[in-house]
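Report on the structure given below.
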Amino acid sequence: MSERRHEEWCGDATLSRPDDECTCSITPEQQRRTPDEIAKGIVDDALAKRRKKNRSVEDVYATELSDVLPPKPDARIQRWADPAMFAATPLERKEGEMLKPRATLVSMTANPLRVMAAASEMYQGRVVRDPGTVSRSTALEWLDSATKNKLQAPLEFIDLHFLLENVTRAFTHQLVRQRTAVYVQESLRFAVKEDAEFEVALPPSLAGTQGGAPLGAEGDTEEWQRNVWDEAVRHASEAYAHLVNSGVPAEDARGLLPTNIGTRVHYKTNLRNLAEQSGVRLCSQAQHEWKQVWVEMIRAILLYGPESERWQQREIVKLFRPVCFATGKCEFMAPTDRWCIIRDRVQAHAARGDAPDTWNDIDPREPLHALAARRPQ
């Protein structure tokens, strides 16, 4: 740059050669601009910094996020907005049949009671390296001992891994409250329910109804209620499908799906924790779906493994019963607790000090009924 040109930029008239250094550090870009253009740029930069300093947090985020977010979809958008989305595998059900829970026992500790007994033998100083050497009688003795001990640690040597299908989101919201288990659930953020209308479970209060009554007519209450339910499910499912197919991400559109939408979840726990869960989930207080799921889980356990060793499974399922059969009294006596079909009889036995195995007038399956917690009118 010439002496004159540089003097115009920085006011330094002491330069004698074009290559003399100057503390103003003029950039090549500035050298190509006039002094007036540079002055205007300096003012603009100062004003921009002041505006940025005075912006609200919302303004800052809006401006900065707009630089990284993808453009809004236009008419040329692909069918699904997120490439991570995929079509959910349809839930299995018979034609014309409502959704019903299913349970598959994916895996279970082989020779479960023998394995538990092999570890328990250490309590008496006996080392067992091969569970197959444990006799049936020894295994049953240790199972009986574990159920009479508050710690029940030996039961933790038995693991069970279930795949639960056709269960509702209402159910899984409660299932995952068990902190001593592991879960992997179908994600509605990415799994697109293409047949959502037909994968919504009917509540027990509407079981057996047909619908068909006009929405405004309440003459036949049950038919009218069923029709209201069916119409709401249909509209929600159609709206969900329209949004997803027009470019709304499934993780946003899923907010429209009913809580009773069917789903799948892998559920892995150990026998001690599963038995504890059975106490509260086979009780009258539990939601009816829990009882339906437990019936399927027990059936899956009984059918698991070679027939010659299923005596172990038959003993294991005896641990699953309402909590009152374990403690000898009703554990849901708060004013907020629901009515119970067996509570009065349980408390009568408790007052007399009767052991649960003598409660001949109470069937532990009574609380499984859908109306077990509904007080008779």
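Cβ-Cβ under 7 Å, sequence separation 6+ or interchain: first residue in the range 250-269 and assigned to a loop (DSSP other than H, G, I, E, B), partner among the small types (Gly, Ala, Ser) and surrounded by 19 or more Cβ atoms within 10 Å (Cβ to Cβ). Which pairs?
That search, which allows pairs on different chains as well, returns 257/196; 260/201.
Suppose the filter is in a loop (DSSP other than H, G, I, E, B), out of contact with any Pro (no Cβ under 7 Å at 6 or more places or on another chain), surrounded by fewer than 18 Cβ atoms within 10 Å (Cβ to Cβ) and not assigned by TED's automatic domain parsing to the domain that holds residue 102; does residue 335 pass it?
Spelling it out, residue 335 is indeed in a loop (DSSP other than H, G, I, E, B), out of contact with any Pro (no Cβ under 7 Å at 6 or more places or on another chain), surrounded by fewer than 18 Cβ atoms within 10 Å (Cβ to Cβ) and not assigned by TED's automatic domain parsing to the domain that holds residue 102.
Which condition number does residue 357 fail, the rest of (1) in a loop (DSSP other than H, G, I, E, B); (2) exposed (fewer than 10 other Cβ atoms within 10 Å of the Cβ) being met?
(1)
Inspect all residues belonging to the range 102-123 and state whether any of them is farther than 24 Å from residue 355 by Cβ, outside the structural domain of residue 290 (by TED's automatic domain parsing) and among the basic types (Lys, Arg).
Checked against the condition, which is being farther than 24 Å from residue 355 by Cβ, outside the structural domain of residue 290 (by TED's automatic domain parsing) and among the basic types (Lys, Arg), the range 102-123 yields at least one hit.
Just to check your reading of the model, which residue among 299, 264 is within 29 Å of residue 134 (Cα to Cα), assigned by TED's automatic domain parsing to the domain that holds residue 196 and not hydrophobic (A, V, I, L, M, F, W, C)?
Values: 264 fails: within 29 Å of residue 134 (Cα to Cα).
Answer to the selection: 299.
Out of the range 110-167, which residues are basic (Lys, Arg), farther than 26 Å from residue 277 by Cβ and in a loop (DSSP other than H, G, I, E, B)?
126, 129 - these are the residues of the range 110-167 that are basic (Lys, Arg), farther than 26 Å from residue 277 by Cβ and in a loop (DSSP other than H, G, I, E, B).
Please work out if residue 238 is outside any loop (DSSP other than H, G, I, E, B) and over 19 Å from the mean Cα position of the chain (by Cα).
So residue 238 passes the test.
In contact (Cβ under 8 Å) with a residue 40 or more places away in the chain, exposed (fewer than 15 other Cβ atoms within 10 Å of the Cβ) and either in contact with a Cys (Cβ under 9 Å, 6 or more places away or on another chain) or not in a loop (DSSP other than H, G, I, E, B) (or both): which single residue out of 314, 272, 299 fits that description?
299
Assess whether residue 107 counts as being touching a residue at least 24 places away in the same chain (Cβ under 8 Å), assigned to a strand (DSSP E or B) and not hydrophobic (A, V, I, L, M, F, W, C). Working first, answer last.
Values: touching a residue at least 24 places away in the same chain (Cβ under 8 Å): yes; assigned to a strand (DSSP E or B): yes; not hydrophobic (A, V, I, L, M, F, W, C): yes.
Judged against the criteria, residue 107 is a match.
The values are calculated or read from the model by the stated rules, or taken from the named source; none is laboratory data. What you see is a predicted model; the values in this text were computed from it and never measured. Note that we place each Cβ from the backbone using ideal geometry, even for glycine, and neighbour counts take in every protein chain shown.
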